[in-house]
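The values are calculated or read from the model by the stated rules, or taken from the named source; none is laboratory data. Quick caveat: nothing in here was measured; it's all calculated off a predicted structure. Cβ placement follows ideal geometry from the backbone for every residue including glycine, while neighbour counts extend to all protein chains displayed.
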Amino acid sequence: MTDKIRTVLGDISKEALGFTYSHEHLWCCPPPQQKDRDFELTNYEASLEELKTFKKIGGETLVDASTLDYGRDGNKLKKMAEESGVNVLGVTGFNKHIYFDDWVETESIDQIVVRLVHDIQVGMDGSDAKAGILKAGSWYNVIHPLEEKITRAVGRAQKITGAPVWLHTESGTQGIEMLDILEDEGVDLHLVAVGHSDRNADPYYHLNILERGAYIQFDGPGKVKYYPDNIRIDLIKNVLAHGYGHKLLISGDMGRQSYLHAYGGGPGFRYIKQKFIPRMLNERISQHAINQIFYTNPADWLAKF
């Protein structure tokens, strides 16, 4: 392990990471069973424009969390990184069972592991753009048998590659149970981030995850349809008050056309940097804590190669 971070343009140092959004979407195309095509981000120029906006406001690194079952395209991510000047990280792994291809059921765990390791060590989607993160996901309040299968595959691929792991939790449920599976596969939970944790706005749940050694990620700022940002501010303060500021990641998960300015929606990539962070300061969250969340913590989590 050399404390390098694997981007689609090659490995970089922790010091080169800079201000980071740790879960977003630039290019994705969910399978047809997802009837809501608002999730489809396949306008290259619009996605690039949003990424350039991120760069313009001081963003330096962005994780595209699109997976094998979600229309990921390593070639597009590499091109966007080159044209924008942003460090872009790609992901290998899976979202949730409703999106899985048939081969997820027919292939063995070890065959799936080979696919994941190839994405990290060779390249994604026929490109030389390597994935820097492994991802597994589960369903709402239950882990489908195929989701357990891919989570075990992710765990085994992690042991081979050393890559960090990000977990999709449906509405913030099953985070603890997915950690149990990874731990059973021998994964060091300090390498794992449990995503969408703020969707389950339960401080007790968050502390249970943090006590296991994992990171938690809040990725709902600006999404008032779930609940207002004052709840997220309180959740952040709870994490900080219990001494876990070094294990918190925050991003926007702007994975809909209706969320991105370049697609005609909002709040877009500007929101956290220009509105949510100023609010954090106004709500007496220190600049030190903010720097830790957006600079130090992503670098510590991602630098595993």
Practice prompt. Restrict the check to region 145-157 and report whether at least one residue is under 30 Å from F54 (Cβ atoms) and not hydrophobic (A, V, I, L, M, F, W, C).
Written response: no
Response to the item:
Of the candidates Y259, Y204, Y295, the one satisfying the condition of being aromatic (F, W, Y), more than 23 Å from L17 (Cβ to Cβ) and under 19 Å from the mean Cα position of the chain (by Cα) is Y259
Worksheet item: Which one is modelled with the highest pLDDT among residues in region 1-53 that are surrounded by fewer than 21 Cβ atoms within 10 Å (Cβ to Cβ), among the β-branched types (V, I, T) and in a loop (DSSP other than H, G, I, E, B)?
Response: T42
Item to complete: Would you be able to tell me the number of residues in region 106-124 that are more than 21 Å from E148 (Cβ to Cβ) and either in contact with a strand residue (DSSP E or B) (Cβ under 6 Å, 6 or more places away or on another chain) or surrounded by fewer than 18 Cβ atoms within 10 Å (Cβ to Cβ) (or both)?
Response: 5
Worksheet item: Which residue out of I160, I181, I216 is β-branched (V, I, T) and either closer than 30 Å to G266 by Cβ or outside any helix (DSSP H, G or I) (or both)?
Response: I216
Item to complete: May I ask you to list pairs of residues, at least six apart or on different chains, whose Cβ atoms are under 6 Å apart, with the first in region 123-147 being under 16 Å from I98 (Cα atoms) and in a strand (DSSP E or B) and the second being of a type in the set (D, E, K, R) and modelled with pLDDT of 95 or more?
Response: G137/K96; W139/K96; W139/E170
Worksheet item: List, please: which pairs have Cβ atoms under 8 Å, are six or more places apart or on different chains, and start with a residue in region 24-41 that is under 19 Å from F269 (Cα atoms) and end with one that is of a type in the set (F, W, Y) and part of a loop (DSSP other than H, G, I, E, B)?
Response: E24/F269; L41/W27
Worksheet item: Somewhere in region 182-203, is a residue touching a strand residue (DSSP E or B) at 6+ places or on another chain (Cβ under 8 Å) and on the phi > 0 side of the Ramachandran plot?
Response: yes
Item to complete: Would you please name the residue that is nearest to R72 (Cα to Cα), looking only at residues in region 85-117 that are outside any strand (DSSP E or B) and among the polar types (S, T, N, Q)?
Response: N95
Item to complete: Show the residue pairs that are 6+ apart or on different chains and have beta-carbon atoms under 6 Å apart, the first residue being within region 44-69 and over 17 Å from Q217 (Cβ atoms), the second being surrounded by 18 or more Cβ atoms within 10 Å (Cβ to Cβ) and β-branched (V, I, T).
Response: L51/V86; K55/V86
Fill in: Criterion violated by G71 - all others in (1) over 16 Å from the mean Cα position of the chain (by Cα); (2) surrounded by fewer than 24 Cβ atoms within 10 Å (Cβ to Cβ) satisfied
(1)
Worksheet item: From the set of residues in region 219-253 that are assigned to a loop (DSSP other than H, G, I, E, B) and in contact (Cβ under 8 Å) with a residue 60 or more places away in the chain, which is surrounded by the most Cβ atoms within 10 Å (Cβ to Cβ)?
Response: G252
